[in-house]
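Here is the structure we will look at, set down as structure tokens.
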Amino acid sequence: MGQVLPRLSQLTDLDLGHNRLGPEGAAKLCEGLSSLTALTNLNFCGNNLWTDGASSFGQAVTALTCLKSLNLGSNSMGPRAVTALAPSLTTLLSLETLNLRQGLLGAPAWSAEPMGEAGAAVLAAALARLPRLRALDAACNGLGSAGVLLLSLDGGARLSRLEELVLVENDADEKSLEAARAALIAVASLQL
């Protein structure tokens, strides 16, 4: 597939979701992904990228400057994946919708490495550089109270411009959720 993609340079929508590529498969596929410069919608969820696959994907996605919607949910990526991906996300200046639900920021259930505040800090910095972002789903990532607060308060000025924000099931306590609600009051559709 990675060899076929360069021949599809005018493609605008690509659904590669739930293929369980793994890091090696993702690396092969990503070799051709960067040639799809007209791409506006990419579903890459459920591909078990892990950290190595996230790094390959990050390198490829920087060329996709027309991308408006990106789904990276359910990718079994651990806590280092967001650090590998964040610099690449900042190049997607046309991005309007970003799905990071389940498994990007927080540690997978089998991991002993919680992401929490560190992942939220890296993500908040990246999101601040996406001027057109309107919808973010970062639910089910085990951010914890500190991570949810960091995203909401430090990133709050930028996140308050969102129309939709989903941060449910991130293991945050009620006090943190209330503070997040107050900071993000301008978000039309807020799910904490």
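The single condition among (1) closer than 21 Å to residue 58 by Cβ; (2) assigned to a helix (DSSP H, G or I); (3) open to solvent by 40 Å² or more (accessible area, probe 1.4 Å) that residue 181 does not satisfy is (1).
Quick check on residue 133: is it touching an Asp or Glu at 6+ places or on another chain (Cβ under 7 Å) and closer than 21 Å to residue 87 by Cα?
Working: touching an Asp or Glu at 6+ places or on another chain (Cβ under 7 Å): yes; closer than 21 Å to residue 87 by Cα: yes.
Spelling it out, residue 133 is indeed touching an Asp or Glu at 6+ places or on another chain (Cβ under 7 Å) and closer than 21 Å to residue 87 by Cα.
Among the candidates 91, 97, which residue alone is within 10 Å of the chain's Cα centre (by Cα) and at pLDDT 95 or above? Can you show your working first?
Values: 91 fails: within 10 Å of the chain's Cα centre (by Cα).
Of 91, 97, the one residue that is within 10 Å of the chain's Cα centre (by Cα) and at pLDDT 95 or above is 97.
For segment 10-19, state whether one or more residues are within 30 Å of residue 145 (Cβ to Cβ), modelled with pLDDT of 95 or more and in contact with a strand residue (DSSP E or B) (Cβ under 6 Å, 6 or more places away or on another chain). No, because not a single residue in segment 10-19 is within 30 Å of residue 145 (Cβ to Cβ), modelled with pLDDT of 95 or more and in contact with a strand residue (DSSP E or B) (Cβ under 6 Å, 6 or more places away or on another chain). Residues being among the aromatic types (Phe, Trp, Tyr), touching a helix residue (DSSP H, G or I) at 6+ places or on another chain (Cβ under 9 Å) and at pLDDT below 95 are entirely absent from segment 101-122.
The values are calculated or read from the model by the stated rules, or taken from the named source; none is laboratory data. Everything numeric in this text was worked out from a predicted model, so none of it was measured. Every residue, glycine as well, gets a Cβ built from its backbone with ideal geometry; the counts of neighbours run over all protein chains shown. The protein model used for the area step is the full one, side chains on, heavy atoms only, and it has no ligands, DNA or RNA in it. Shrake-Rupley method; radii C 1.70, N 1.55, O 1.52, S 1.80 Å.
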